[in-house]
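The values are calculated or read from the model by the stated rules, or taken from the named source; none is laboratory data. This one's a predicted model, so the numbers in the text were calculated from it and none came from an experiment. Cβ coordinates were reconstructed from backbone atoms using ideal geometry, including for glycine residues, and neighbour counts include every protein chain displayed.
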Amino acid sequence: MTSQATAQAVPATTAAPSSLLHSLLRTDRGTHQLPVRVALAAAMLPHGAQKAFGWFDGYGWDGTMGFLTGAIGMPAFVAGALILFELLGPLFLLVGLGTRVVGAGFVAIMVGAIATVHAEHGFFMNWSGTLAGEGYEYHILAIGLAVALVLAGGGRWSLDARLTRGK
């Protein structure tokens with residue numbers, strides 16, 4: 001390879017991270033994403049607080065880690081990352097930062113929750129308290145909201161839009 005060919009290849013390589021970041025942050029500038037972001041954040045934040053701090057009758061960090069690594073068989077690093085993501089992801093959604101990434105993460109978390117815990121209990125939530133566990137109807141709603149954000153981005157009123165303005 002000639003030095004001229006090498007020089008031409010370097011800028012394309014160094015530009016890739018910026019292009020990837022722009023692709024992840026880009027948004028369609030609509031306003032409809034704000035209520036979707038706020039609704040998903042409001043639904044997910046208490047679950048993250050349950051897992052991380054034991055708030056809202058949760059098990060806290062140690063209890064959740066024990067369940068995820070023991071009963072579910074998740075590696076400790078992944079379990080810890082899941083707890084942090086479920087706690088911090090809603091805060092990112094509220095300000096609209098990394099909306100597509102957070103949305104995709106929540107899709108993965110909800111699909112994982114259905115597959116590992118909730119599918120065996122059927123579709124419906126345990127409103128009467130008489131069933132052995134909770135169904136997955138909540139998870140379907142969260143997946144729908146998250147997919148909408150993955151497809152559209154954070155919207156006009158997001159840090160994503162501000163960071164990608166004019167690009």
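Some points to look at:
- Residue satisfying all of: in the range 73-99; in contact with a Lys or Arg (Cβ under 8 Å, 6 or more places away or on another chain) and of a type outside the set (A, V, I, L, M); surrounded by the most Cβ atoms within 10 Å (Cβ to Cβ) among these: THR99
- Taken over the range 97-120, the criterion of being within 24 Å of ALA132 (Cα to Cα) and among the polar types (S, T, N, Q) is satisfied by THR116 alone.
- Some residue of the range 63-72 being surrounded by 15 or more Cβ atoms within 10 Å (Cβ to Cβ), modelled with pLDDT of 95 or more and within 19 Å of ILE143 (Cα to Cα): no
- In the range 143-167, of all residues being surrounded by fewer than 21 Cβ atoms within 10 Å (Cβ to Cβ) and of a type in the set (Gly, Ala, Ser), the one that is farthest from GLY30 (Cα to Cα) corresponds to GLY144.
- Residues that are outside any loop (DSSP other than H, G, I, E, B) and surrounded by fewer than 18 Cβ atoms within 10 Å (Cβ to Cβ) within the range 26-51 comprise LEU34, PRO35, VAL38, ALA39, ALA42, ALA43, PRO46, ALA49, listed in sequence order.
- Filter result (in contact (Cβ under 8 Å) with a residue 40 or more places away in the chain and in contact with an Asp or Glu (Cβ under 6 Å, 6 or more places away or on another chain)) within the range 120-152: ALA152
- Each residue in the range 52-66 was checked for being part of a loop (DSSP other than H, G, I, E, B) and among the hydrophobic types (A, V, I, L, M, F, W, C), and 2 pass.
This table checks each residue for (1) closer than 24 Å to TRP55 by Cβ; (2) in contact with a His (Cβ under 7 Å, 6 or more places away or on another chain); (3) part of a loop (DSSP other than H, G, I, E, B).
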{"site": "LEU87", "(1), (2), (3)": "yes, no, no"}
{"site": "ALA108", "(1), (2), (3)": "yes, no, no"}
{"site": "PHE124", "(1), (2), (3)": "no, no, yes"}
{"site": "ILE140", "(1), (2), (3)": "no, no, no"}
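- Test: residue in the range 152-165 that is small (Gly, Ala, Ser) and farther than 22 Å from VAL38 by Cβ: no
- Residue check, GLY112 part of a helix (DSSP H, G or I) and crowded, with 20+ Cβ neighbours inside 10 Å: no
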